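Take a look at the structure below.
The values are calculated or read from the model by the stated rules, or taken from the named source; none is laboratory data. Fair warning: this is a prediction, and the values are worked out from it, not measured in the lab. Cβ coordinates were reconstructed from backbone atoms using ideal geometry, including for glycine residues, and neighbour counts include every protein chain displayed. Calculation scope for accessible area: heavy atoms of the full protein, side chains included, ligands and nucleic acids excluded. Shrake-Rupley method; radii C 1.70, N 1.55, O 1.52, S 1.80 Å.
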Amino acid sequence: MEYARPSTIEDALAILGSNPNARALAGGQTLINVMKARAAAPDVLVDLNGLDELRTIGIGADGSLELGAMATYAAIMQSPEVHSTRPVIAEVAGMIADVQVRNRGTIGGNVCTGDPTNHFPPLMVALGAAMTVRGQDGERRVPAEEFFVGVYMTQAGPGELLTRISVPAPDGRGDGFAIVPIGRDGTAIVHAAACVRANGTIQEARVALGCVDAVPIRVTELESRLAGGDPAESAVKEAAKGVGASLDPPSDVHASGDYRRHLAEVVAARAVVEAAGKARR
Amino acid sequence: MSETTVAPTTTETEAPQKGFIGINVPRKEDQRLVQGEGLFVDDVKRHGMAYVHFVRSPYAHARILSVDVSKAEELDGVYGTLTGDEVATLTDPFFQIAPLPGGHVKDYALAAGKVRHVGEPVVAVAATTRELARDAAELVEVEYEALEAIVDTERAADPDAPQLHDDVPNNTIWDGHFDYGDYDGALEAADKVVRIKRLHFNRFSSTPLETSGAVVEYNRGTGQWTLHCNNQFPGFAIIMMAPALRTGMDKLRFVTQDIGGGFGNKICTHPQLVALCLLSRKLKRACNWTEWRTDQHMANSHGNERLFLDVEVPVTDDGLMLGFRARMIDDCGAYTRYEPLGCIIWAQVTPGVYRWRNVRVEFQQVCSNKSPCGPNRGYSRMQHLWFTERIMDIVAQELNLDPVEVRKKNYIRSEEMPYETPNGCVYDSGDYARCLDKALELIDYGSIEERRREAESRGKLLGVGIGSTLDSGTNNFGQSQLVNPDLQFSGNNEVATVKLDIFGEIVVTIGTTPQGQGHETTAAQVVADILGVTPDMVNVRAGHDSYWNSHAGFSGTYASQFAVTGLGAVKGAADMLAGEIKRLAGGVLGGVPPEDIELAEGFARIKGNPEAALPFMACGAIVNANNAGLPLELRDITLNCRYVYVPPHQVPDKERKFGNLTLTYATQIHACVIEIDEETGAYDIVDYGAVDDCGIRINPQIVEGQVHGATAHAIGGATHEHFPYDEQGNLLTPNFYDYHVPHAMDMPPLKTDYLESPSPFTPLGAKGMGEGGGAGLSAVCSAIQNALRSAGGAIVYDSCNPYWRVWELMSEPAKARENVTVEAR
Amino acid sequence: MQPVTSAFVTVTVNGTTYEREVDARRLLVHFLRDDLDLTGTHIGCDTGNCGACTILFNGQNVKSCMVLAVQADGADITTVEGLAGDGELTPLQKAFSHSHALQCGYCTPGMLISATALLRQNPSPTEDEIRKALQGNLCRCTGYVNIVEAVQTAAKGGL
Amino acid sequence: MKVEGNTSFNARREVVWSVLNDPAQMAQTMPNVKSFTVQDDRHWSADVAVPLGLGSLKMSIQFDKTDERPPDYAMLKAKGTGVGALLSMETRFELSDAGNGTDMKWQADVQIAGPVGAMGQRVIQPIVNQQVKQVLAALDKQVQQAAAGA
């Protein structure tokens, strides 16, 4: 295996583009483990830790939260920009793994790994984030909803890098995240994220579920049932009924498909209730 | 053989004065361990050492058609390989504990001809670095012919099930009938009979944080191997290995220092150690093997999985249970490495803490295409004690009895101690009812109903649970004869030497292999009190080395016995040394009789005349380096005393499977409170109380630490830790990704209390302890069932209850309830 | 910078600067243990879960099994061997012994490093904060009870 | 792990059958085929690289047709070996006429072992589902092409 630590994005892209089995190394909190197990064996590892420009967290001209792909969970938890715009991102970052992992793991790595149990994919879908993907030919913006292609697969293909995640300004909307993990703050069994605009009634809701499929699932049916409805817990729970039936979640040692269907309804409702409660009237 | 077992003789040796015994002396081990200066097995390095990686079977059951190591051996940096065929030529199969036909199992260091579980070592590869060894392992070509795997315990004994081992029909390793008291009479006398179709105790393991490993060197000149390793029971390993390697026992020198947790899981490493012996001899270099975590999960000892079928409990109207009947199937996995001892070990605690006099058990052990089982903290008793506590809670629920009152009614009483159980075990001392009261106090039992209502208002179902264990320690290995009458094992022993050296240094060696139990410290406490010094002045050698000659056949650290056997040996040796010092000093100080000499502050002095004193340094110097002036009658004094502690065991009655199987029975009663989220089945343990009674506590802090640790294992085992397999025999939780062990946030704050009921049978009144975690397993299951009473009243039938199972119990309580019937007589 | 299969790294560990050539694929934990012989940092799993290999990496606690040795070029690292200066144990080390916060001692180096990082950031943590800070360090002996107590003791000014 | 389903093709049964039984056309449906060797019409092998974001999984797969009843039923066994993984798969499909098109009832029993299986138990099912979806989509494309050519 070869290793490179480029100091510019251009260099990184050039190396990534020169070998189809080159992989970007962000925080390494998943990739290095997978390599240890020899479940993956990249020919070239392109270490992004020399690219400070990817670590920035800022506010865009339109008020959007601009997260560099190499921003660590720890940096996100402490970022005033995150807290002043979409604090849910900091809260969720604080639920991921443990201190050591949060010190090194990055948001870009989290979404690009695309493990179904990762926290950020459903959150980014619910928040309507846009991913900036850069290749040697230039960059493009991909809505989070389209970004996730499969387990461990995203729109950032070979030779490309996710450089930035843009989360729209909250504009009065409230965000929520609910999870049933194994133990406290452990690996997710099912999670859900929601973003709600409410003013006595729910005006608009975006809800995404994680761990119920290869990619985060946006539950548009539920969203339309919620729109115009009562944000009270009982009403939201009522609206969430039937969400499970529309899913085909995997069965594994932590949950049967049926249990995930059930949990999906519970966490979707909890995320929506939390989001509605935080929406500015 | 006498008709009833006689209780062991009450020990009447002079108890050392309590000076350092009973107080929290800081551990000697800590100084090195908090600075990263411990010596764990992977820290041992040798010049030119090879790193070994095992090629492992991806199949649960397959015939090995061919093995080709040529490409691996050609790789630069590879020293060589070892194949199953070589092993089968160079060694004999390991000795089997089971009688025939179970004894037909042929177990080698590497798979020979067939693989029987995923992860079974097939080839060993040695190279200059860890990574290169793995590279080379990937180049080994093994061709398999897959065979149908059997993973289902119940189906394993079906005549049409695939057979793992030649000449072991129906995959049945052992079966036996246990019949105590008058079960039929009890059934006749019962007012009600509660029947439970099926209870299941899950496979899991304590997964010590340090995996297994060794650095093995071969001395070509002497033909001796030195095994720097973390095996926790060298006595057993050597008995297994020497005949297999066709060598003498003394050719295997075992050395351990710091061991990163054992919990029984490091007893059965002898197959890998044999492979390393062969490799180090073949390659003429030291060989390091450090197990990968994933390999540890896939191929190291798992705790025994056990099914309890057709359980029947006769009960009288006033809630007295008269005994039980059950069919038990124990699943030991692919090979019998320590098995079938699990088929008898449970009988140490046949009625648990209860006065059940009539017991009938059909016990069967089967093998299956899963990782081999071995001792795991609470070995075989934990499974059984969980079963007794499940009986208690299920019967209580079905007959609407108060779970506290019914326990107290059925508990063996303190005034009945020593108590002989229906199978002849003699519980030495204890007060279970008082322990229960203390446990309930810890969790503020009086306020439970109020807390239950408060929890309900938050959408939580609150439950309170109680569990018990008897941590039976100081095995009588004679129980092995109850599974195989031809075996020649009985009793137990442990060794210590205590010497006084030239400069007055006190040096203690023990045959044990501690893994965190603080033996260096507690041994020093005992010696200090006997020799009248401080523990600081006692140098206890770290670890184990068979060169010290301070070990015996059963030496090791396992099965809750150090406080009895280890410290018994230490006390014996120290008493001998004290006697020698007194005789010596008396002689030197002018013919004073030894009984007039006292040992204090590093001096041997004449009682009542502290001026007439001989410093220890002088004693050591006279005997070791200046002895020409010693009178002849003192010349037998060596100041180097070796003592073998042998507990007062007798050979049990093989016919009746009757006799005292361990010397001490420490008590644990735990109580806990849990809250289940009524929407999801996810739950938290919100309150926890553990009460331990292990007789005299040498170092209370160490005892309490064992209580904490055992409880954490129990909570892990009751909640998320399990080793499930798919139908093809793939382990589904092969590492800490999916095998969730409790972390700091998962563990509830533990409240502890204690009782000291001294054992009348042991040198220090202490009892072995450390395996009492099973109480927690029962308590958590009990609490879950209690919480679900208002949600359909499901019974908890499995020892491991991840959220999905709790949700199933909540959403389909009727299904779980089908498991139980009550017949009124 | 062109990809390389091995590289020279300059790393400062416990105040000593080392220059070594390392394979690109070598894990930092193996570099510390096998190349520098700093065996106090342990390995307890292959999946980044157990935290026995935790070190301070430029002041932050990270798991050295999920960092490549080549990535440590220029880094300042503290391992458990570097905690006690001149043989004087730190308040945390003393408290761990005093509270019996270790049994087998295998998790202890990583646990001490995580606790050290916590107390530097948050000198008087609550019990919940301590537990959250130690979530990434598994212990199979103590049930964490005495570990939490030891960190509290050290935070309160030690012994 | 068993996966099964029904798929409809807008083509006659013979066309679908011919595609399903032509190793060369089937090769087009598999992920990143590096090389493909036909031993005979019942035995063929392929080297594939299953793409995963973290790296691709290289495997050599041997296919054996173990049973067939032209033009509606066949059973295939596949055995794959690769670094870190071991795959075995048994697939059956049954074709029936549905108007002008064809219905295919299929089922597959997939087993994955080795380190990849160990690392990713919880993601294997989604990965298999996803690969199945892709294979079916590619198959539909092949069938359409064959139908257009026929």
Scan segment B:544-552 and tell me whether some residue there is open to solvent by less than 10 Å² (accessible area, probe 1.4 Å) and modelled with pLDDT of 95 or more.
yes
Let me confirm something: among A:Ala90, A:Ala97, which residue is surrounded by fewer than 24 Cβ atoms within 10 Å (Cβ to Cβ) and within 12 Å of another protein chain (Cβ to nearest Cβ)?
A:Ala97
When every residue in segment B:770-794 that is in contact (Cβ under 8 Å) with a residue 40 or more places away in the chain and more than 29 Å from the chain's Cα centre (by Cα) is compared, the one surrounded by the most Cβ atoms within 10 Å (Cβ to Cβ) is B:Ala787
Within segment C:38-51, identify whether any single residue is touching a residue at least 60 places away in the same chain (Cβ under 8 Å), on the phi > 0 side of the Ramachandran plot and surrounded by 22 or more Cβ atoms within 10 Å (Cβ to Cβ), and answer yes or no.
yes
(1) assigned to a helix (DSSP H, G or I); (2) open to solvent by less than 10 Å² (accessible area, probe 1.4 Å); (3) within 30 Å of B:Gln296 (Cα to Cα) all hold for A:Gly108 apart from (3)
Please work out if C:Gly136 is closer than 30 Å to C:Thr17 by Cβ, in a loop (DSSP other than H, G, I, E, B), in contact with a helix residue (DSSP H, G or I) (Cβ under 7 Å, 6 or more places away or on another chain) and within 14 Å of chain A (Cβ to nearest Cβ).
yes
Please specify each residue of segment B:710-731 satisfying the condition of being away from chain C (no Cβ under 14 Å) and either of a type in the set (Gly, Ala, Ser) or in a helix (DSSP H, G or I) (or both).
B:Gly729
Residues of segment B:511-532 that turn out to be of a type in the set (A, V, I, L, M, F, W, C) and open to solvent by 10 Å² or more (accessible area, probe 1.4 Å), as a count:
1
Within segment D:1-35, tally of residues that are surrounded by fewer than 17 Cβ atoms within 10 Å (Cβ to Cβ), in a strand (DSSP E or B) and not β-branched (Val, Ile, Thr):
7
Unmet criterion (only one of (1) farther than 26 Å from B:Ile696 by Cβ; (2) in a helix (DSSP H, G or I); (3) among the hydroxyl-bearing types (Ser, Thr, Tyr)) for B:Ser490:
(2)
Quick one: which of B:Leu750, B:Leu764 is within 14 Å of chain C (Cβ to nearest Cβ) and open to solvent by 10 Å² or more (accessible area, probe 1.4 Å)?
B:Leu750
Tell me, which strands (runs of 3 or more DSSP E) wholly within segment C:1-92 include 2 or more residues that are among the hydroxyl-bearing types (Ser, Thr, Tyr)?
C:6-13, C:16-23
With (1) within 14 Å of another protein chain (Cβ to nearest Cβ); (2) more than 24 Å from C:His100 (Cα to Cα) as the list, and B:Gly543 as the residue in question, which single condition is left unmet?
(2)
Only one of (1) within 14 Å of chain A (Cβ to nearest Cβ); (2) buried (at least 24 other Cβ atoms within 10 Å of the Cβ); (3) not in a helix (DSSP H, G or I) is not met by B:Cys800, so which one is it?
(2)
Inspect all residues belonging to segment C:107-118 and state whether any of them is within 16 Å of the chain's Cα centre (by Cα), under 20 Å from B:Leu750 (Cβ atoms), within 14 Å of chain A (Cβ to nearest Cβ) and open to solvent by 10 Å² or more (accessible area, probe 1.4 Å).
yes
Under 9 Å between Cβ atoms, which residue pairs at least 6 apart in sequence (or on different chains) link something in segment D:32-51 that is within 14 Å of chain A (Cβ to nearest Cβ) with a partner that is part of a strand (DSSP E or B) and basic (Lys, Arg)?
D:Lys34/D:Lys58; D:Ala49/D:Lys34; D:Ala49/D:Lys58; D:Val50/D:Lys58
Can you find a residue in segment A:115-131 that is within 24 Å of A:Ile59 (Cα to Cα), β-branched (Val, Ile, Thr) and either open to solvent by less than 10 Å² (accessible area, probe 1.4 Å) or touching a Gly at 6+ places or on another chain (Cβ under 9 Å) (or both)?
yes
Counting only residues that are among the hydrophobic types (A, V, I, L, M, F, W, C), touching a Lys or Arg at 6+ places or on another chain (Cβ under 9 Å) and at negative phi, give me the strands (runs of 3 or more DSSP E) lying completely in segment B:55-129 with at least 3 of them.
B:121-127
Index of the failed condition, B:Pro758 passing every other in (1) open to solvent by less than 40 Å² (accessible area, probe 1.4 Å); (2) within 29 Å of B:Gly430 (Cβ to Cβ); (3) not hydrophobic (A, V, I, L, M, F, W, C):
(1)
Restricting segment B:253-269 to residues that are away from chain C (no Cβ under 14 Å) and crowded, with 24+ Cβ neighbours inside 10 Å, the one farthest from B:Ala299 (Cα to Cα) turns out to be B:Phe254
Restricting attention to segment B:669-682, does a residue exist that is within 14 Å of chain C (Cβ to nearest Cβ) and either modelled with pLDDT of 95 or more or crowded, with 24+ Cβ neighbours inside 10 Å (or both)?
yes
Under 8 Å between Cβ atoms, at least 6 apart or on separate chains: pull out the pairs that start in segment B:426-440 with a residue that is open to solvent by 30 Å² or more (accessible area, probe 1.4 Å) and end on any residue that is aromatic (Phe, Trp, Tyr) and not in a helix (DSSP H, G or I).
B:Ala433/B:Tyr411
Find the residue count for segment A:1-51, including only residues that are part of a helix (DSSP H, G or I) and either within 7 Å of another protein chain (Cβ to nearest Cβ) or open to solvent by 20 Å² or more (accessible area, probe 1.4 Å) (or both).
14
Is there any pair with a first residue in segment D:68-87 that is within 11 Å of another protein chain (Cβ to nearest Cβ) and a second that is of a type in the set (A, V, I, L, M) and not in a strand (DSSP E or B) whose Cβ atoms are under 6 Å apart and which are 6 or more apart or on different chains, and what are they?
D:Gly84/A:Ala39; D:Gly84/D:Val116; D:Ala85/D:Val116
Can you tell me which of C:Gln71, C:Gln93, C:Gln152 is within 13 Å of chain A (Cβ to nearest Cβ), of a type outside the set (Phe, Trp, Tyr) and farther than 25 Å from B:Thr513 by Cβ?
C:Gln71
Unmet requirement for A:Leu54, which otherwise passes all of (1) open to solvent by 30 Å² or more (accessible area, probe 1.4 Å); (2) more than 14 Å from chain D (Cβ to nearest Cβ); (3) closer than 22 Å to C:Ala72 by Cβ:
(1)
Spot the failing condition for A:Gly200; the list is (1) at pLDDT 95 or above; (2) farther than 25 Å from A:Met95 by Cα, and only one is missed.
(1)
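Residue-by-condition table, conditions (1) within 14 Å of chain C (Cβ to nearest Cβ); (2) surrounded by fewer than 23 Cβ atoms within 10 Å (Cβ to Cβ); (3) on the phi > 0 side of the Ramachandran plot; (4) hydroxyl-bearing (Ser, Thr, Tyr):
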| residue | (1), (2), (3), (4) |
| --- | --- |
| B:Glu141 | no, yes, no, no |
| B:Arg155 | no, yes, no, no |
| B:Thr172 | no, yes, no, yes |
| B:Ala186 | no, no, no, no |
| B:Arg198 | no, yes, no, no |
| B:Phe204 | yes, no, no, no |
| B:Val216 | no, no, no, no |
| B:Asn219 | no, yes, no, no |
| B:Gln224 | no, yes, no, no |
